[in-house]
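Only one structure is covered here, and it is reproduced in the block below.
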Amino acid sequence: MLILSPCDLQACDMATDVAEPVVPDCRGDGRSGASLFVANRGGRGQIKQKKKTVPQKVTIAKIPRAKKKYVTRVCGLATFEIDLKEAQRFFAQKFSCGASVTGEDEIIIQGDFTDDIIDVIQEKWPEVDDDSIEDLGEVKK
């Protein structure tokens, strides 16, 4: 048994010059549930988006809070494809403090750990080398 779509019928009619009615619309009317052809046939399809090339750099900054209290901000771990939630848990456990993921690529650690965190990052994730870690020092929020 041969099943033809309305587009195929129209093409066959033109090729064989048979006097059968020509279907005016090859796309279907959308009301019938039995559509015999594929949408976007011959189209461009999905266009792949290019990945943004962000420089692989981890930045560490000490942000003052109140009086003599500080928080440490670590940005850029996601550029090395490191899971931020896993890194946040690791920092909280390692430094015995609170840590949270804020924003797309930022971890806030409660306390001043700028000196220790560079060694800890290199020990835990060896793909992050010393040249790609930048300490910004004390910055304002």
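The simple Förster model, with R0 at 22 Å and r as the Cβ-Cβ distance, assigns W125 and S96 a FRET efficiency of 0.60. Among the listed pairs K57/K94; K67/K140; K57/K124; K94/K124; K68/K141, a Cα-Cα separation exceeding 19 Å is found for K57/K94.
One decimal place: the segment A66-D135 gains 22.7 nm when fully extended, by the rule 0.36 nm per residue minus the C-alpha distance. Backbone geometry of segment 126-135 corresponds, through the Karplus equation with coefficients 6.51, -1.76 and 1.60 at θ = phi - 60°, to 3J(HN,Hα) couplings of x, 6, 8, 8, 5, 5, 8, 10, 10, 9 Hz, x marking Gly and Pro. Could you list log10 I(q)/I(0) for segment 66-141 at q = 0.15, 0.17, 0.22, 0.25 Å⁻¹, which the Debye formula gives when each Cα is one point scatterer? The computed values of log10 I(q)/I(0) come out as -0.47, -0.62, -1.07, -1.42.
With θ taken as phi - 60° and the Karplus curve 6.51 cos²θ - 1.76 cosθ + 1.60 applied, the whole-hertz 3J(HN,Hα) list for segment 69-78 is 9, 9, 10, 10, 9, 10, 10, x, 5, 5 Hz, x standing for glycine and proline. For Q93, neighbours were defined as the other residues whose beta-carbon sits under 15 Å from its Cβ, and their charges (Lys and Arg +1, Asp and Glu -1) total 0. In this structure, the amide hydrogen of G98, modeled 1.01 Å from its nitrogen in the peptide plane, lies closer than 5 angstrom to those of Q110, counting only residues at least 5 positions away or on a different chain.
Laboratory data are not the source of any read-out in this text; all were calculated from the coordinates shown. Remember, it's a predicted structure, so these values are computed and weren't measured experimentally. We place every Cβ from the backbone using ideal geometry, glycine too, and count neighbours over all the protein chains shown.
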